[in-house]
Amino acid sequence: IFIVHGHDNEMVQTVARFIIKLGFEPIILREQPNQGRTIFEKFEDFSDVDFALVLFSPDDEGKSLEEEILHKRPRQNVVFELGFFIGKLGRNKVVVLHKVVENFEMHSDFQGVLFEPFKDGWELKVAKEIKAAGFNIDLNQLL
């Protein structure tokens, strides 16, 4: 299971431990060897996975020209990789976990993808989605 992430290392590590607890290998790109590849080559080489969890953490701020207020938002590469995995795996094999913070910009272009708040109870909800996507998971492992 590929973990797409921004700068929130605690969120990455929490999700990786959860994936291991379910019996899967978490793929975190920064932990893979570079071997002289560009970041995009490395991404392509490690993106042959069966499921993706995309972590939306409030790492950047921005707004449209018509707005006054800056919104917290995920890194641009995280949004790009979300689109990549939707195209590669299908919407049913991609889940977005998002931090719950004030003025967080949610992307409406990804309708049909599950956006799950990263708060108490997220583990069971995500495990159910992974199971529904055809993976063998014993939900009792979460107890």
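The values are calculated or read from the model by the stated rules, or taken from the named source; none is laboratory data. Fair warning: this is a prediction, and the values are worked out from it, not measured in the lab. Here the Cβ positions follow ideal geometry from the backbone for every residue, glycine too, while neighbour counts run over all protein chains shown. Each accessible area value is taken on the protein alone, full model and side chains, heavy atoms only, with ligands, DNA and RNA left out. Shrake-Rupley method; radii C 1.70, N 1.55, O 1.52, S 1.80 Å.
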Exercise for review: Could you please let me know if residue 31 is among the acidic types (Asp, Glu) and either open to solvent by less than 80 Å² (accessible area, probe 1.4 Å) or within 18 Å of residue 12 (Cα to Cα) (or both)?
Suggested key: yes
Review point. Does residue 70 meet the test of being more than 17 Å from residue 20 (Cα to Cα), modelled with pLDDT of 90 or more and open to solvent by 30 Å² or more (accessible area, probe 1.4 Å)?
Key: yes
Check your understanding: Taking the stretch 84-105, which residues are open to solvent by 40 Å² or more (accessible area, probe 1.4 Å) and within 21 Å of residue 2 (Cβ to Cβ)?
Key -> 84, 87, 88, 91, 92, 93, 99
Study note, to complete from the structure: Of all strands (runs of 3 or more DSSP E) fully inside the stretch 1-100, the set with 3 or more residues that are over 22 Å from residue 121 (Cβ atoms) and either out of contact with any Gly (no Cβ under 8 Å at 6 or more places or on another chain) or not small (Gly, Ala, Ser) (or both) is 60-62, 71-73
Practice item. Tell me, yes or no, whether the stretch 123-143 has at least one residue that is charged (D, E, K, R), part of a helix (DSSP H, G or I) and within 14 Å of residue 5 (Cβ to Cβ). Key: no
Practice item. Could you please find all residues in the stretch 49-85 being out of contact with any Lys or Arg (no Cβ under 9 Å at 6 or more places or on another chain), free of Cβ contacts under 8 Å to residues at least 60 places away in the same chain and of a type in the set (A, V, I, L, M, F, W, C)? Key: 54, 65, 80, 84
